[in-house]
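Readers should treat all values here as calculations from the given coordinates under stated rules, not as data from a laboratory. Remember, predicted model here, so these are calculated numbers, not experimental data. Cβ sites come from the backbone with ideal geometry, for glycine too, and all protein chains shown count toward neighbours.
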Ligand code: G3P
């Protein structure tokens with residue numbers, strides 16, 4: 001499973017890149033607004049740090065403007081993936097970008113029917129939002145299972161399932177059990193994945209016992 005991080009915070013990205021665990025980055029207009037910086041500059045900075053795919057989202061809602069915006073975003077760097085919403089115009093733009101050889105992430109997916117349309121439109125990634133479904137009392141992971149099953153029936157579909165709106169490490173593990181291709185994780189969730197109380201307790205016991213030996217490795 002590939003791990004992307006869902007942030008536009010350059011410092012977080014630089015820090016997490018040192019772990020070797022990060023395969024790419026996703027952003028959205030909310031995360032860009034939170035950064036307080038100019039959109040195009042943030043994307044250029046991220047692309048300088050991250051060699052993997054970097055999703056940058058169009059903000060237009062009509063096909064023509066989406067195409068102009070997406071081309072501008074794609075011209076920033078070769079690893080930009082243009083993110084479009086799962087709307088009629090978004091999927092038309094997806095088809096056009098994919099014909100131009102530009103990678104596309106179709107976002108705001110909340111049903112298997114939508115995921116099927118994204119795949120048929122040539123999406124590189126489809127982003128189902130598990131956390132937002134859970135927040136509304138639906139089962140986000142059931143949607144991932146449905147999409148995995150639908151895509152598995154048609155080997156010619158190459159769209160990767162990018163699990164988004166991830167809230168906790170359990171979401172990541174459940175998505176991995178289902179065979180999702182990618183999870184995009186808020187930095188806090190990636191950091192939470194390291195931790196287990198028995199690891200802390202076990203390490204403390206090892207260090208206490210080691211100190212009793214009076215030895216040093218170096
Ligand atoms: O970037 C898309 C998605 O990951 C947003 O997550 O937490 O705003 O539902 P969230």
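Remarks
- Structure remark: mean-square fluctuation, Gaussian network model of the chain, C-alpha springs under 10 Å; the largest value among 18, 107, 59 belongs to 18.
- The stretch 151-218 and the stretch 1-51: distance between their alpha carbon centers, rounded to Å: 19
- Gain in span if fully extended, residue 213 to residue 155, counting 0.36 nm per residue against the direct Cα distance: 15.0 nm
- The chain: most fluctuating residue of 106, 182, 150 per GNM, C-alpha cutoff 10 Å: 150
- Most mobile of 66, 141, 17 in a GNM of the chain (Cα contacts under 10 Å): 17
- Calculated FRET value between residue 17 and residue 62, using beta carbons and R₀ = 30 Å, to 0.05: 0.25
- Fraction of alpha-carbon pairs over 30 Å apart in the stretch 2-213 - percent: 25
- Contact order relative to length of the chain, as percent, for alpha carbon pairs under 8 angstrom and 6 or more apart: 17
- Segment residue 132-residue 206, length gained on full extension (0.36 nm per residue, minus Cα span): 22.5 nm
- Principal-axis analysis of the Cα atoms of the chain puts helix 140-152 at an angle of about 60° to the longest axis.
- With the helix formula -39500 (n - 2.57) applied to DSSP H stretches of n ≥ 4, the chain reaches a computed 222 nm mean residue ellipticity of -15000 deg cm²/dmol.
- Point-to-point label distance, residue 72-residue 181, nm (Cα→Cβ direction, 7 Å offset): 2.8
- Taking 0.36 nm per residue of separation and subtracting the current Cα-Cα distance, fully stretching the chain between residue 34 and residue 192 would add 54.7 nm.
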